[in-house]
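First up is the structure itself, then whatever we jot down about it.
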Amino acid sequence: MTTPEKRLELVHFQLTRKCNLRCHFCGQWGDKGFFSGNTAPELTLEEWFQVIDSLVEYRDRTGDSPDIILWGGEPLMYPHFELVVKRLRRYGFNLGLITNGVMLNLHRDLIGNQFKVIYVSVDGNREMHDRVRGAGVFDKVAANIAELREYPVIINLMSVISPDNVARLPEIPLLLEPLQPDKLLLQKLIYLTPAE
């Protein structure tokens with residue numbers, strides 16, 4: 001008796017470790033982030049194309065077509081972001097994006113027309129969010145979200161629960177209501193032990 005092949009429903013592409021923000025709590029680049037000092041090379045565009053081709057082969061063999069989530073670091077910093085997106089969409093994959101939202105305007109039409117859903121990190125109102133992510137970040141993200149409202153993309157907000165906003169946690173849905181999220185997700189911090 002053979003074991004049935006496990007079905008892929010979702011595949012994550014970490015396009016880059018680079019990020020344009022340095023949020024102190026971030027498990028990747030924050031005060032205790034695991035990427036600090038990491039100089040390992042990232043996948044090349046050709047290597048990403050090989051990964052995409054292997055997913056097409058998997059789909060052809062199994063009939064399963066997983067959704068693809070692009071993330072990073074900040075995936076919009078990947079220099080070949082547009083080429084990866086166009087190749088994935090050429091093969092008919094549904095796309096999601098996890099982003100801090102600062103650079104959405106650089107790829108607004110592509111994201112608005114080619115992605116099914118985006119997840120944007122917003123940790124509270126302007127004062128709460130900027131305390132964590134940097135001065136002026138909230139206004140930039142809010143403007144980018146407003147521009148994407150003319151497209152059919154689903155916009156979900158992710159709020160990281162941290163010491164900076166936990167005391168006002170019950171207020172966060174009301175504070176973020178003006179951004180008109182399709183969903184609000186509360187996210188725990190990434191905790192690592194010293195050994196990890």
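Computed quantities for the displayed model
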read-out	value
Residue in the stretch 58-78 that is most open to solvent (accessible area, probe 1.4 Å), counting only those that are of a type in the set (Ser, Thr, Tyr) and touching a residue at least 40 places away in the same chain (Cβ under 8 Å)	62
Helices (runs of 4 or more DSSP H) (entirely within the stretch 79-176) containing at least 3 residues that are open to solvent by 70 Å² or more (accessible area, probe 1.4 Å) and among the small types (Gly, Ala, Ser)	none
Which listed residue, of 70, 76, is modelled with pLDDT of 95 or more and not in a helix (DSSP H, G or I)	70
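Residues are listed down the side, and each one gets a yes or a no for (1) at pLDDT 95 or above; (2) open to solvent by less than 30 Å² (accessible area, probe 1.4 Å); (3) under 17 Å from the mean Cα position of the chain (by Cα):
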position: 2; (1), (2), (3): no, no, no
position: 6; (1), (2), (3): no, no, no
position: 14; (1), (2), (3): no, no, yes
position: 24; (1), (2), (3): no, no, no
position: 28; (1), (2), (3): no, yes, yes
position: 34; (1), (2), (3): no, no, no
position: 52; (1), (2), (3): yes, yes, no
position: 56; (1), (2), (3): yes, yes, no
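The values are calculated or read from the model by the stated rules, or taken from the named source; none is laboratory data. Note that this is a predicted model, so its numbers are computed, not measured. A quick note on method: Cβ atoms are made from the backbone with ideal geometry, for glycine too, and the neighbour counts reach across all protein chains shown. Calculation scope for accessible area: heavy atoms of the full protein, side chains included, ligands and nucleic acids excluded. Shrake-Rupley method; radii C 1.70, N 1.55, O 1.52, S 1.80 Å.
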